[in-house]
Amino acid sequence: MQVTFPYPNIAPVDVPDANLLGVFAPRSVPSAPPVEQLVADALSQPIGTRRLCDQVDARTRALVLVDDFTRPTPAARILPVLIDELKAGGVQLNNISFLTADGTHGCMSQAQLERKLGADVLNHFPVYCHQWRDRQDMVDLGTTADGMPVLVNRRLKEADLIVGVGHIVPHRITGFSGGAKIVAPGVTGMPPDAKDVHWLAAQYPARDITGVVDNPIRRIVNEVGRLTGLRFIVNVIQDNHGQVIRVVAGDPDEAHRDGCPSSRDVYGVPIPELAPIVLLDSFPSDVDYWQAAKAGYAAELAVQPGGVVILVTPCPQGVAHEHPELVQYGVPPLSQIRQMVAQGTYQDIVAAGIAALTSWVVRERAHAIMVSPGIPPDQRRAIGFEPAATAQEALGMAFQRCGPRAKVLVLHHGGEILPLPPGSPAAA
């Protein structure tokens with residue numbers, strides 16, 4: 001069978017039919033109402049709280065947090081409906097502002113901002129870019145119950161109402177994206193020590209976090225959301241082609257929890273068994289390895305111990321411009337990364353977290369091969385992947401390791417897919 005990839009510069013691969021265990025992808029939905037209607041309906045019947053228009057008045061200073069270009073949330077279509085809801089409650093237009101929740105990705109360009117937010121929002125409202133390394137732009141709100149520092153963008157402290165706009169997909173750090181993740185790590189500051197959600201999540205294997213609604217990291221993130229004053233969310237669930245099929249709105253914890261099963265229905269894909277070879281693309285997480293790593297995390301759920309993961313990804317922006325320590329220190333075994341963190345080697349604990357999450361896949365679980373025109377071979381080796389020029393070459397290398405009769409599992413939409421092998425905690 002010929003397997004193609006959603007990248008014009010990466011050639012397809014022929015997988016022998018006798019070796020093919022199956023080809024899997026998230027679900028598509030034939031049709032759905034317009035996004036604007038779904039948003040309006042969700043706002044009219046919020047989950048776990050009053051309507052947004054009943055929570056505001058003419059004096060309310062509203063701050064809307066919006067995820068960035070690395071997420072497919074159609075904010076430009078959501079925001080006009082949300083603004084109308086705020087106006088219906090009496091909020092003055094000059095009291096509405098927007099903050100992009102860029103996390104540790106770096107700020108969007110003007111063109112990216114216009115595509116994300118829409119020209120009307122960009123031209124008529126204050127729009128701020130979160131810069132996670134700018135300590136002067138942060139306020140200290142103390143710590144969570146278990147001692148994690150809460151440093152957030154100062155604009156949250158200046159607002160009377162904070163609304164988060166995002167989407168819900170399975171996620172290696174918090175179980176599912178969305179909800180209070182728009183705050184942590186969306187608009188939090190550079191962690192001063194190892195109390196960081198990326199690093200904390202990296203202490204668990206993927207099966208304990210990814211696609212699991214109630215997990216230790218999500219509980220921390222939800223607590224940060226409450227401490228910072230996040231009061232309301234609008235989260236979309238999209239199908240395999242980016243079509244919005246459901247919108248949840250309301251209390252950040254309750255609405256998010258209500259939306260997660262809908263996301264799992266789309267992205268959760270039962271697989272018959274763990275495979276010796278897992279071949280997958282990283283779509284739609286393609287801009288750099290920082291995003292494409294999500295596909296690697298998904299492969300951890302699907303590959304046999306000691307098997308091979310083949311990651312096919314374009315990564316036009318390389319490994320991680322904002323996190324050079326990921327290449328500098330590479331991806332050694334997990335125990336070594338933990339030792340380096342304990343010794344204070346890392347200045348960027350978030351990079352240490354991503355290195356550890358990668359190590360679960362490429363050191364602890366399997367051998368990994370990467371096909372990527374955007375990442376030089378030496379850098380692929382640095383982050384734990386054996387380089388291959390083509391997917392066909394990579395498959396040949398995998399057969400050499402696993403044997404010519406080894407079964408191959410193909411996963412599309414690897415940046416968001418949730419493989420569900422028999423007995424998976426996420427399937428419960």
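Per-peptide packing, taken as the mean over residues of other Cβ atoms within 10 Å, places 102-113, 292-303, 233-244 in the sequence 292-303, 233-244, 102-113 from highest down. Find out how many positive minus negative residues lie around Asp265, taking Lys and Arg as positive, Asp and Glu as negative, among other residues whose Cβ is under 12 Å from that of Asp265. Net charge in that neighbourhood comes out at +2. If one computes the Cα centroid of the stretch 208-260 and of the stretch 56-91, what distance in Å separates the two points? Between the Cα centre of the stretch 208-260 and that of the stretch 56-91, the gap is 17 Å. Considering every alpha-carbon pair of the stretch 128-217, the percent of pairs per 5 Å bin, from zero through the bin containing the longest distance, is 3, 13, 22, 23, 21, 13, 4, 1.
For the stretch 307-409, the equivalent ellipsoid derived from the alpha-carbon gyration tensor has semi-axes of 26, 16, 9 Å in decreasing order. Normalised Debye scattering of the stretch 28-116 at q = 0.10, 0.12 Å⁻¹ gives log10 I(q)/I(0) of -0.31, -0.44, counting only Cα atoms as equal scatterers and leaving out solvent. The three principal axes of the Cα atoms in the chain give end-to-end lengths of 70, 53, 40 Å, sorted in falling order.
Across Ala119, Ala184, Ala275, mean-square fluctuation computed from a Gaussian network of the chain (C-alpha pairs under 10 Å connected) peaks at Ala119. Across all Cα atoms of the stretch 258-330, the radius of gyration (one decimal) and Dmax (whole number) stand at 14.4, 41 Å. A Gaussian network model of the chain, with springs between Cα atoms under 10 Å, assigns the largest mean-square fluctuation among Gly344, Gly250, Gly147 to Gly147. Quick one: helix 216-228 against the long Cα principal axis of the chain, what's the angle to the nearest 10°, folded into 0 to 90? With rounding to tens, the tilt is 20 degrees. In plain terms, if you count all Cα to Cα distances in the stretch 35-267 and split them into 10 Å steps from zero, the share in each step is 8, 35, 39, 16, 1 percent.
Under unit Cβ charges (Lys, Arg +1; Asp, Glu -1), what dipole magnitude, rounded to 20 debye, does the chain have relative to its Cα centre?
360
Of all DSSP beta bridges confined to the chain, the antiparallel ones make up roughly 25%. Over the stretch 165-225, Cα pairs under 8 Å with separation of 6+ residues give a relative contact order of 46 percent.
A short reminder: the numbers here are calculations on the coordinates, not readings from a lab. Predicted model, so just to flag it, every value in this text is computed and none were measured. A quick note on method: Cβ atoms are made from the backbone with ideal geometry, for glycine too, and the neighbour counts reach across all protein chains shown.
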